[in-house]
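Shown next, in structure tokens, is the structure this report addresses.
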Amino acid sequence: MENYLIYVPEIVATLGAIWTMLKVHDKIVDFLQKKKSKLWLKVYALAGQAVVQVSEEYVNEIKKGKADGKLTKDEAKKARELALTKLLELAKGEGLDLLKSGFKEMLPWIIEKIVQKLKKGDIGGGSVAGSDEVAVLTELVK
């Protein structure tokens, strides 16, 4: 029994080190989650700007020339492609390379989500294209 007592300081020190590492890990995870959230907000805001710009520059012009005011499937597909291209341009201007980040697969979904909200009238150009990114994300994920 006495032989085991000599290991108590080492055990206590090891447990203390593990506890400290867990606390530091939690702080690092919190920091990274906040940083990632800000990046998501930025991507949503830029995507909103891209969709609104394409809507104003491309979609509205096509709709003016049509009796029913609706896009064909090909025109709608082209509008989404233009919005994605515009998003990538806007992001590059902000120093973000979305194709190299974890957003690549999500970009079409983000564009589609914004397009659907815009069609329903749930969001307007001012709230999407504005600088309040928290309001943008709140509007998009409702």
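For segment 102-131, how many residues are part of a loop (DSSP other than H, G, I, E, B) and modelled with pLDDT of 50 or more? I'd like the intermediate steps shown before the answer.
Of all residues in segment 102-131, those part of a loop (DSSP other than H, G, I, E, B) come to 102-106, 121-124, 130-131.
So of that shortlist, the ones also modelled with pLDDT of 50 or more come out as 102-106, 121-124.
Within segment 102-131, residues that are part of a loop (DSSP other than H, G, I, E, B) and modelled with pLDDT of 50 or more number 9.
Can you pull out every residue in segment 102-124 that is touching a residue at least 24 places away in the same chain (Cβ under 8 Å), more than 16 Å from Arg80 (Cα to Cα) and not β-branched (Val, Ile, Thr)?
Matches in segment 102-124: Phe103 only.
Suppose the filter is aliphatic (A, V, I, L, M), within 13 Å of the chain's Cα centre (by Cα) and within 18 Å of Trp109 (Cβ to Cβ); does Leu82 pass it?
No.
Cβ-Cβ under 9 Å, sequence separation 6+ or interchain: first residue in segment 45-69 and surrounded by 18 or more Cβ atoms within 10 Å (Cβ to Cβ) and in a helix (DSSP H, G or I), partner polar (S, T, N, Q) and modelled with pLDDT of 90 or more. Which pairs?
Ala50/Thr85; Val54/Thr85
Sort out which residues of segment 70-81 are assigned to a helix (DSSP H, G or I) and under 15 Å from Glu112 (Cβ atoms), and write them in order of number.
Result: Lys73, Ala76, Lys77, Lys78, Ala79, Arg80, Glu81.
The values are calculated or read from the model by the stated rules, or taken from the named source; none is laboratory data. Here the structure is a predicted model, which means the values were calculated and not measured. As a convention, Cβ positions derive from the backbone with ideal geometry for all residues, glycine included, and neighbour counts pool all protein chains shown.
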